[in-house]
Amino acid sequence: MSVTPLSSQSAQPILVPQSIKRNDASIEQGAAVSEKTEANNDTTQAPSKSTSPASSNTNASGVNLNDPEVVKVISQLESRDREVRIHEQAHAAVGGQYVTSGPSYTYQTGPDGKRYAVGGNVGIDVSPIPNDPQATLAKARQVIQAAMAPAQPSSQDYAVAQSAQAMMQQAQQELATQQQVSMTGETDAESDTSKSTQPTQNDNQRASSRFEQGASRFYEQTELATNGLVGRVGGYQDSALRLGLRLQA
């Protein structure tokens, strides 16, 4: 079995603006300093509260989900997630019995802490069916349909379709060879039948020749007899004339 992945475009993470990354880093550093300060403080005074205003829509990582850049990144991730899942599900639905695995996905964690699919693949069998070019032909067609099922096939999808196309051409050649061998066998059978009837035809020809020869000899004998009879009649006429008699016909 030859398994080849059908996949969406290569999984590339959605770019996160540097400002968001710097914000995440500053939050982590600030939290580490705060913990260290509290650990070294021996006074009984209550720790002072942070004077920085907190957003009402800040997640556990301290990311402001109302930030326009954050909103943009999350929107891109959501769109990619939908696209990838629809893409791979189309492969799986059309591939049917030849799908060997999947759909499986590659994820990226967004600023909101959620995981989004940014890439995926479906394994599909593109090997020919042994000793059955007709079944191989049908399989190749289904694999091609599965590869081209998504609205926007990836470069990998086109590569799989080309492999299936080559498999289909090979199956077509094998079918043509089988048909040629079958036709040759029928021709040989007809030739054998012709040979078996040839002696009978020769016998008929020889019999016909003997008949013609016999008929010819009979005709010759009849003609000779007729000529002899005519000759005798002519002789009688000559004798009658000499005697002064007229023979009535």
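Rule-based calculations on the coordinates, nothing more; no lab input. None of these values were measured; they are calculated from a predicted model. Cβ sites come from the backbone with ideal geometry, for glycine too, and all protein chains shown count toward neighbours.
Using the basic label-point model (7 angstrom from Cα toward the beta carbon), what is the Met1 to Ile129 distance in nanometres?
1.6
Mind jotting down a quarter of the surface of the convex hull over the alpha carbons of the stretch 93-173, in square nanometres, one decimal?
If you wrap the Cα atoms of the stretch 93-173 in a convex hull and average its projections, you get 6.0 nm².
List the relative contact order of the stretch 55-115 as a percent without decimals, with contacts defined as Cα pairs under 8 Å and 6+ residues apart.
With pairs under 8 Å counted, the relative contact order is 37 percent.
Need the full-extension length gain, Tyr158 to Thr100, defined as separation in residues times 0.36 nm minus the C-alpha distance. One decimal, nm.
Taking Tyr158 through Thr100 to full extension adds about 19.0 nm, to one decimal.
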